[in-house]
Amino acid sequence: MTTRLHPTQEVDPGAPAIEVRDLHKSFGDNDVLTGIDFHVDAGQVVCVIGPSGSGKSTLLRCVNRLEEPTSGQVLIEGIDITDPETELDAVRSRIGMVFQQFNLFSHMTVLRNLTIAQQRAKKRSRKEAEEVARRNLDRVGLSDKIDAYPAHLSGGQQQRVAIARALSMDPDMMLFDEPTSALDPELVGDVLDVMKTLAGEGMTMMVVTHEMGFAREVGDKLVFMADGVICEEGDPREVLGNPREPRTQEFLSKVL
Amino acid sequence: MGSLTRTQRQRAVQFSLYGLFVLLIVLFWVVSDKEAIRANFFLAEGFTETWQDFVFIGAKNTILYTVIAFVGGFVLAMVLVLMKLAPVAPFRWLATAYIELFRGLPALVVILFMAFGVPIAFGWRPPGGPVGAGLVGLMLVSAAYMAETIRAGIEAVPKGQTEAARSLGMNGGWTMATVVMPQALRIVIPPLTNELVILIKDTSLLFVIGMAANEKELTTMARDFMSSGPSAGTATSLTFAALLYLAITLPLTRVVAWLERRQNRSR
């Protein structure tokens, strides 16, 4: 792929995968994000936790501009995607995203779910797209569901297909928006296993989650958000085991 | 009644309702003038000697006009929907104004405008003569209703579907064409079929337009056979037309009911 992401800016291999500078986001009078600065380095797994309404999902959705930031900058591999000149679709195809509600295309088979964007956005041939799709379905352990429709899969299977769909674009990084929150408890493990494998392979990941076990075990950095700001961040074992801020302590005492 | 059990009471009520129903039928049969009904609504010659005209001209044209108006209306409705979704506000205003205008006007007035008003005012005559003009009128009206239906279908597609497609790097056009529209159209098939049934009945409004013999649809044909032909002076031709309308519309409404049941099951 040689699509230019921006007429003048170049991908900078030394830059963080994701860098957010003084990000603000308001919905009308409601200030959801009030000055976020943070970054995810290439190969890092960063988990974002916090009470509901703290803005963590909004922050994640600003990273691929599904949500339009009110002010501030979001840089992906050194390219400012809040700049109107940026080829947003081309940048997005380098950022995989996994949603809480899976959002598989319900009128398409699993295979078509995995090939449609490869063909339309990455201009791959049907044959190549199907090869990539089969490889990624195999990665998530669902090769036998290739011709199934999403409605016939369990929530856990749908989420693994959604991960395979994002992976089929060969993204440089993956965003996860509470990927296990809509799942029955017994199905959470399969999805977390896939994510752990992915992390082990060196994928850059930003994960909004309530799974403290995953954050402790897999995360390189933990970010605690509250009331639209980053309250505390650092090594997951440190933040979870020995939180400095009272707000963090209060939250963790409720969820752990 | 005190000695009856609950079930016995229910039986007694049901029994008397059946009895009342039978009584009403018998009463109608005794009181009605069956000869007058037969002679006015079911004159045999009105069927035996005109059925070829009714089926091969009247019903054929009713179906043909419906299909033309539906296809034309659908295409126009899609244009209106895209305008409603346009990023530029004036397009949205124009589409909204159009929809409000044509939903607020009687279809008959629009047909008269197209068939008589526009040709007089601009000297423009649409292809197909007065019938073509009337069909344009039907298209304009049905497009307004279909546009609203399709827009509702698009809004019924979960927002997450668009977000997933956009997050994969698909642009707005491809997302609409391959992800949103196919799901929206599946949702609107039952209401659009209803629209089709309404359009079948509305083709009868074209009777206000003068038609050549081979252009007549069912209503025009029925009216003309009331004043001439084998059943002249009776309403037999209206009965015939009514039965043929039902033969077309009833299967379609059954299909709609089936589609809706199937859709509710799959959710």
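Can you say whether A:Glu77 is surrounded by fewer than 21 Cβ atoms within 10 Å (Cβ to Cβ), farther than 15 Å from A:Val229 by Cβ and not hydrophobic (A, V, I, L, M, F, W, C), as far as the supplied structure shows? Steps first, please.
Working: surrounded by fewer than 21 Cβ atoms within 10 Å (Cβ to Cβ): no; farther than 15 Å from A:Val229 by Cβ: yes; not hydrophobic (A, V, I, L, M, F, W, C): yes.
When the stated conditions are applied, A:Glu77 does not pass them.
Select from region B:80-104 the residues that are surrounded by 14 or more Cβ atoms within 10 Å (Cβ to Cβ), free of Cβ contacts under 8 Å to residues at least 60 places away in the same chain and of a type in the set (Val, Ile, Thr) and list them in ascending order.
If the condition is that a residue be surrounded by 14 or more Cβ atoms within 10 Å (Cβ to Cβ), free of Cβ contacts under 8 Å to residues at least 60 places away in the same chain and of a type in the set (Val, Ile, Thr), then B:Thr96, B:Ile99 are the ones that fit.
So is B:Ala213 among the hydrophobic types (A, V, I, L, M, F, W, C) and either in contact with a Gly (Cβ under 8 Å, 6 or more places away or on another chain) or free of Cβ contacts under 8 Å to residues at least 40 places away in the same chain (or both) or not?
no
Here's a check for you: in region A:236-252, which residue that is under 20 Å from A:Val45 (Cβ atoms) and not hydroxyl-bearing (Ser, Thr, Tyr) is surrounded by the fewest Cβ atoms within 10 Å (Cβ to Cβ)? Step through it out loud before you land on a result.
Let us first name the residues in region A:236-252 that are under 20 Å from A:Val45 (Cβ atoms), namely A:236-241, A:243, A:248, A:252.
Of the ones still in play, those that are also not hydroxyl-bearing (Ser, Thr, Tyr) are A:236-241, A:243, A:252.
Numbers: A:Pro236: 23, A:Arg237: 13, A:Glu238: 13, A:Val239: 25, A:Leu240: 21, A:Gly241: 11, A:Pro243: 20, A:Leu252: 16.
Out of the qualifying residues, it is A:Gly241.
Could you grab me the full set of residues in region A:75-102 that are under 21 Å from A:Pro179 (Cβ atoms) and of a type in the set (Val, Ile, Thr)? Show your work before the answer.
Taking region A:75-102 and keeping what is under 21 Å from A:Pro179 (Cβ atoms), we get A:76, A:92-102.
Within region A:75-102, A:Ile76, A:Ile95, A:Val98 qualify.
Counting only residues that are of a type in the set (S, T, N, Q) and either within 9 Å of chain B (Cβ to nearest Cβ) or free of Cβ contacts under 8 Å to residues at least 40 places away in the same chain (or both), how many does region A:77-93 have? So that I can check it myself, show each step before the final result.
Our first condition is that a residue be of a type in the set (S, T, N, Q); within region A:77-93, this holds for A:82, A:86, A:93.
Filter once more, so that each one left must be either within 9 Å of chain B (Cβ to nearest Cβ) or free of Cβ contacts under 8 Å to residues at least 40 places away in the same chain (or both): A:82, A:93.
Matching residues across region A:77-93 total 2.
What do you reckon, is B:Ala184 under 17 Å from A:Ser168 (Cβ atoms) and either part of a helix (DSSP H, G or I) or more than 7 Å from chain A (Cβ to nearest Cβ) (or both)? Spell out the reasoning first.
Values: under 17 Å from A:Ser168 (Cβ atoms): no; either part of a helix (DSSP H, G or I) or more than 7 Å from chain A (Cβ to nearest Cβ) (or both): yes.
The answer is no for B:Ala184.
Give me the residue from region A:65-74 that is in a strand (DSSP E or B) and surrounded by fewer than 17 Cβ atoms within 10 Å (Cβ to Cβ) and, out of that set, farthest from the other protein chains (Cβ to nearest Cβ).
First, the residues of region A:65-74 that are in a strand (DSSP E or B): A:71-74.
Then keep just the ones that are surrounded by fewer than 17 Cβ atoms within 10 Å (Cβ to Cβ); that gives A:71, A:73.
Working: A:Ser71: 22, A:Gln73: 20 Å.
Applying the filter and picking the extreme gives A:Ser71.
Mind telling me which of the residues A:Leu33, A:Leu23 ends up being outside any loop (DSSP other than H, G, I, E, B), touching a Pro at 6+ places or on another chain (Cβ under 7 Å) and not acidic (Asp, Glu)?
Details: A:Leu33 fails: touching a Pro at 6+ places or on another chain (Cβ under 7 Å).
It is A:Leu23.
Taking B:Ala177 as the residue in question, decide whether it is at pLDDT below 95, in a helix (DSSP H, G or I), at negative phi and not aromatic (Phe, Trp, Tyr).
Numbers: at pLDDT below 95: yes; in a helix (DSSP H, G or I): yes; at negative phi: yes; not aromatic (Phe, Trp, Tyr): yes.
Yes: the conditions hold for B:Ala177.
Only one of these conditions is not met by B:Thr219: (1) under 28 Å from B:Gln263 (Cβ atoms); (2) of a type in the set (Ser, Thr, Tyr); (3) more than 10 Å from chain A (Cβ to nearest Cβ). Which number is it?
(1)
Can you go through B:Gly160, B:Gly233 and tell me which one is at pLDDT 95 or above, surrounded by fewer than 19 Cβ atoms within 10 Å (Cβ to Cβ) and either within 14 Å of chain A (Cβ to nearest Cβ) or assigned to a loop (DSSP other than H, G, I, E, B) (or both)? Write out each step before concluding.
On the way: B:Gly233 fails: at pLDDT 95 or above.
That would be B:Gly160, the only listed residue that is at pLDDT 95 or above, surrounded by fewer than 19 Cβ atoms within 10 Å (Cβ to Cβ) and either within 14 Å of chain A (Cβ to nearest Cβ) or assigned to a loop (DSSP other than H, G, I, E, B) (or both).
The values are calculated or read from the model by the stated rules, or taken from the named source; none is laboratory data. These figures come from a predicted structure and were not determined experimentally. Because the Cβ atoms are built from the backbone with ideal geometry, glycine has one as well, and the counts that use them run over all protein chains shown.
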